[in-house]
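The values are calculated or read from the model by the stated rules, or taken from the named source; none is laboratory data. It should be emphasised that the depicted structure is a prediction, and the values quoted were computed from it without experimental measurement. Backbone-built Cβ (ideal geometry, glycine too); neighbour counts: all protein chains shown.
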Amino acid sequence: MSEDRGTYQPLTYFQLMEVSLRELLVEKGILSDAEVNAAVEDMRARGPERGAKVVARAWTDPAFKARLLADGTRACEEMGLDVPALRLVVVENTPEVHNAIVCTLCSCYPRMLLGLPPDWYKSREYRSRMVREPRAVLAEFGLVLPDSVRIRVHDSTADMRYMVLPMRPAGTEGWSEERLASIVTRDCMIGVAVPRLP
Amino acid sequence: MASATIASATVRAQDAPAPRFAVGDRVRVRATYPLGHIRTPFYVRGRSGVIERLCGVFGNPEELAQMRSGEPRQPLYRVRFLQRDLWPDYAGSPDDVVEVEIYQHWLEPV
């Protein structure tokens, strides 16, 4: 709210409900203000670097990659990444198949690995067009794929969350995991981009 | 919230229905339009696809959204649809697909 200099708007219905519920929880001693702040800070601190680390590990360790594709949640736990209440499905890009993720019903997103979703991910336009004309949407992101590459769009409608495992680009032979992770962007793991060498 | 907690603690969990479908089975999504918190998108209703995997068994979100127990829980599948089966004028490759999570009570065999 502090950024809203000079553009004060009354609270919306849901904002008011959030404030009321939070104040009640604090007043009744169920939560403290400090705990609420800590949870918000924790959420803000999570970013796509977590997912990038997982991708870099999968690129360098074939056994880990196999475990990641078989059970994403367990493989992340193995790396010390806690993914509570999240059934993670990792989908692998290959020369034949390109994967991309959307949630047409709301904005389900693998927050534990990628942090908060970008605004466009939650937009009505992305959510409706990604399942209807994915090639046109990807082209607008600068990713033009030939028809020989099959596109698999994953609509996260229920209890699963998805992350794309992009292809490791040529020219990265011998790179460390840290260096590999540096070219894995959020958009690569949503599937609207592919990793590029700097 | 408290009443929901009490309800789920005291009502004995019913057995979830056994999975009816196997990977590769052809299924059709029921073309019904109930009100409420429905996790089956409109664009796949009445359409046919193939079971890609069984994700597990989960509380029914239509029940959970009403502050009920979510029982009986439902097997959840990922169903793969060909884009050209969803949109007759689809412009991309004929092999392009969309995969959607759908609960068993929304699926019927083809």
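For the stretch A:34-48, give me the residue count where each residue is of a type in the set (A, V, I, L, M) and either closer than 16 Å to A:GLU18 by Cα or touching a His at 6+ places or on another chain (Cβ under 8 Å) (or both).
Qualifying residue count for the region: 3.
Among the residues that make up the stretch B:11-29, is at least one of them within 11 Å of another protein chain (Cβ to nearest Cβ), surrounded by fewer than 20 Cβ atoms within 10 Å (Cβ to Cβ) and at pLDDT below 95? Checked against the condition, which is being within 11 Å of another protein chain (Cβ to nearest Cβ), surrounded by fewer than 20 Cβ atoms within 10 Å (Cβ to Cβ) and at pLDDT below 95, the stretch B:11-29 yields no hits at all. Look at A:VAL55 and say whether it is assigned to a loop (DSSP other than H, G, I, E, B), in the same structural domain as A:PRO169 (by TED's automatic domain parsing) and either over 14 Å from the mean Cα position of the chain (by Cα) or closer than 27 Å to B:SER93 by Cβ (or both). Considered against the rule, which asks whether it is assigned to a loop (DSSP other than H, G, I, E, B), in the same structural domain as A:PRO169 (by TED's automatic domain parsing) and either over 14 Å from the mean Cα position of the chain (by Cα) or closer than 27 Å to B:SER93 by Cβ (or both), A:VAL55 comes out as no. Considering the stretch B:44-110, the qualifying strands (runs of 3 or more DSSP E), each wholly inside and each with 3 or more residues that are in contact (Cβ under 8 Å) with a residue 12 or more places away in the chain and within 12 Å of chain A (Cβ to nearest Cβ), run over B:48-58, B:74-82, B:97-103.
Residue count for the stretch A:19-28 under the criterion of being outside any helix (DSSP H, G or I) and modelled with pLDDT under 95: the result is 0. I want to confirm something. Restricting to the stretch B:52-100 and keeping residues that are crowded, with 16+ Cβ neighbours inside 10 Å and of a type in the set (S, T, N, Q), which single residue is farthest from A:CYS108 (Cα to Cα)? Top of the filtered list is B:SER93. With respect to being outside the structural domain of A:ASP155 (by TED's automatic domain parsing) and surrounded by fewer than 12 Cβ atoms within 10 Å (Cβ to Cβ), A:ALA38 fits the description.
Residues checked against (1) outside the structural domain of A:TYR109 (by TED's automatic domain parsing); (2) touching a residue at least 60 places away in the same chain (Cβ under 8 Å); (3) under 17 Å from A:ARG127 (Cβ atoms):
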| site | (1), (2), (3) |
| --- | --- |
| A:PHE141 | no, no, yes |
| A:LEU145 | no, no, no |
| A:VAL149 | no, no, no |
| A:SER156 | no, no, yes |
| A:LEU165 | no, yes, no |
| A:TRP175 | no, no, no |
| A:GLU178 | no, yes, no |
| A:ALA181 | no, yes, no |
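Considering only the stretch B:62-77, I want to know if a residue exists there that is modelled with pLDDT of 95 or more, touching an Asp or Glu at 6+ places or on another chain (Cβ under 6 Å) and of a type outside the set (A, V, I, L, M, F, W, C). No, the stretch B:62-77 contains no residue that is modelled with pLDDT of 95 or more, touching an Asp or Glu at 6+ places or on another chain (Cβ under 6 Å) and of a type outside the set (A, V, I, L, M, F, W, C).
It is to be established whether one or more residues within the stretch B:55-62 are acidic (Asp, Glu) and out of contact with any Ser or Thr (no Cβ under 8 Å at 6 or more places or on another chain). Yes: one or more hits.
Conditions (1) free of Cβ contacts under 8 Å to residues at least 12 places away in the same chain; (2) out of contact with any strand residue (DSSP E or B) (no Cβ under 8 Å at 6 or more places or on another chain); (3) not charged (D, E, K, R), marked per residue:
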| site | (1), (2), (3) |
| --- | --- |
| A:GLN15 | yes, yes, yes |
| A:ILE30 | yes, yes, yes |
| A:ASP42 | yes, yes, no |
| A:LYS53 | no, yes, no |
| A:PRO62 | yes, yes, yes |
| A:ARG67 | yes, yes, no |
| A:GLY72 | no, no, yes |
| A:GLU77 | yes, yes, no |
